[in-house]
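I have placed the structure first, in the form of structure tokens, so that the comments after it can refer back to it.
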Amino acid sequence: MAYRLRPAKPFTAEFRSVAESQFSHAIRLLEEQPDGPHEAVHDARKRFKRLRALYRLVQPDAKEFRRRENDRIREMAKTLSAVRDATALVETVNYLAEHAGSPEEMAALAVASKALTERRDRIASEEHDLPAKMAAAAKTCREAIAALQDLDLDDNPHRTAKRLAKAWKKQRLKAHGALAACEAHADAEAYHELRKCGQTYWMHLSLAGGIWPSAMLAKQREAKELVDLLGHEHDLSVLTGLVNENPELFGDGDTLALILGAIIARQQTLRHEALEKAREVFADGADAESGFVSLLWEKAATASRRKRKAGAYKANGKADKETALRG
């Protein structure tokens with residue numbers, strides 16, 4: 001099933017279907033590992049992020065359910081992070097090399113790439129319990145699927161639209177707060193929070209895409225551009241932390257200085273571009289956009305119900321007519 005909630009269908013059933021589809025996909029990845037265990041972990045963690053964004057949408061009317069299941073998914077994802085995080089650092093250095101400003105900087109980044117690749121391989125070789133962790137995560141996914149039956153929501157279109165508006169507004173305000181924090185000071189945690197808000201927004205746009213496909217798709221593309229910029233920025237912050245904590249991994253002082261210089265230069269560029277894009281993505285106010293989503297969702301859901309009723313009346317009328325003619 002596509003990562004989308006259809007307004008024409010009862011919301012609770014749609015929510016369960018989307019969630020079960022994401023969990024089932026994660027289970028298949030973890031158990032079958034079509035491209036190897038590490039790629040399976042990476043792809044499964046993407047599904048977990050989608051699920052956490054989905055569960056945010058029911059918080060206004062199911063706070064305890066959302067809290068419990070969000071904790072379950074978050075803790076499950078943490079158990080699968082070690083090798084993937086090490087691999088991400090290798091990818092980050094290789095990304096930096098694409099923007100190297102000199103042959104000397106390129107050579108220094110090659111040293112960093114080699115060191116981080118060796119570190120990743122060492123971590124992978126020491127992670128003997130990965131198969132057990134993956135099996136445990138698949139088991140947890142099945143438990144989460146069973147727990148979906150605990151969700152009890154009012155599927156009335158107006159109530160559903162109001163619920164979505166509350167969740168949307170809360171997330172929008174959170175994004176505005178993160179953007180303001182980034183504009184106030186160049187703090188890595190503020191940019192990380194903005195990235196998480198961008199990811200959630202991108203996923204919510206996908207989930208609600210059926211209310212106005214063309215407009216929501218356009219917004220989704222803009223949000224994805226922001227997420228990509230902030231993803232690189234966050235990876236560079238993580239890399240900076242590792243370099244500062246373990247400078248011995250990266251060669252002599254000159255090499256270390258070149259690596260840090262490359263990180264700082266690229267990070268400054270990314271932050272500037274990300275702030276410009278974020279102002280565009282989050283330009284609409286929280287009340288305005290949540291109201292827009294609520295109105296379109298209720299309109300789409302109500303129109304669908306009317307259409308089904310009209311079809312049922314027509315079918316009943318035809319049946320009555322045929323009965324009368326036979327009589």
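The values are calculated or read from the model by the stated rules, or taken from the named source; none is laboratory data. Everything quoted here is computed from the prediction, not taken from an experiment. FYI the Cβ positions are ideal-geometry reconstructions off the backbone, even for glycines, and counts take in every protein chain you see. We work out accessible area using only protein heavy atoms, side chains counted, and drop any ligands, DNA or RNA first. Shrake-Rupley method; radii C 1.70, N 1.55, O 1.52, S 1.80 Å.
Worth pointing out:
- Relative to the longest principal axis of the Cα atoms of the chain, helix 188-207 runs at roughly 30 degrees.
- Angle of helix 157-184 to the longest C-alpha principal axis of the chain, folded into 0 to 90 degrees and rounded to 10: 20°.
- For the chain, the fraction of 1.4 Å probe accessible surface lying on carbon and sulfur atoms is 53 percent.
- Most mobile of 66, 47, 221 in a GNM of the chain (Cα contacts under 10 Å): 221
- Whole-Hz ³J(HN,Hα) from phi, Karplus 6.51 cos²θ - 1.76 cosθ + 1.60, for the stretch 34-39, glycine and proline x: x, 10, x, x, 6, 5
- Extension gain (nm, one decimal) between residue 95 and residue 28, 0.36 nm per residue minus Cα-Cα: 21.1 nm
- The Cα center of the stretch 1-62 and the Cα center of the stretch 146-163 differ in position by 17 Å.
- Solvent-accessible surface (1.4 Å probe) assigned to residue 79 amounts to roughly 60 Å².
- Tensor-based shape of the stretch 101-226 (alpha-carbon gyration tensor, a/c under 1.5 rounded, otherwise prolate or oblate): oblate
- Remark: the residue 228-residue 129 segment gains 32.5 nm on full extension, using 0.36 nm per residue and subtracting the alpha carbon distance.
- Environment charge of residue 255, counting only residues whose C-beta is closer than 15 Å and scoring Lys/Arg +1, Asp/Glu -1: -4
- Order of exposure, largest accessible area first, which applies to 122, 271, 68, 163 with probe 1.4 Å: 122, 68, 271, 163
- Folded to 0 to 90 degrees: helix 82-97 orientation relative to the chain principal axis, Cα: 70 degrees
- Residue 105 exposes around 30 Å² of accessible area when a 1.4 Å probe is run over every protein chain in place.
- The chain: calculated mean residue ellipticity at 222 nm from DSSP helix runs of at least 4, using -39500 (n - 2.57): -29000 deg cm²/dmol
- With K and R counted +1 and D and E -1, the other residues having a Cβ less than 15 Å from that of residue 240 yield a net charge of -4.
- Checked against a 30 Å cut-off, the cross-linked pairs 133/174; 78/224; 9/277; 139/299; 114/139; 133/277 give Cα-Cα distances beyond that limit for 133/174; 9/277; 139/299; 114/139; 133/277.
- Principal semi-axes in Å for the stretch 78-164 [√(5λ), Cα gyration tensor, largest first]: 43, 23, 5
- Calculated FRET efficiency for the pair residue 269/residue 118, C-beta based, R₀ 41 Å, to 0.05: 0.90
- Local electrostatic count at residue 77 - Lys and Arg +1, Asp and Glu -1, tallied over other residues with Cβ under 9 Å: +4
- Which of 121, 43, 152 is most accessible, then next, and so on - probe 1.4 Å: 152, 121, 43
- This structure gives Kirkwood radius over Cα pairs in Å, computed directly, and of [x] 22.9; [y] 22.3; [z] 20.7 that value is listed as [y].
- For residue 154, solvent-accessible area (1.4 Å; no DNA, RNA or ligand), Å²: 80 Å²
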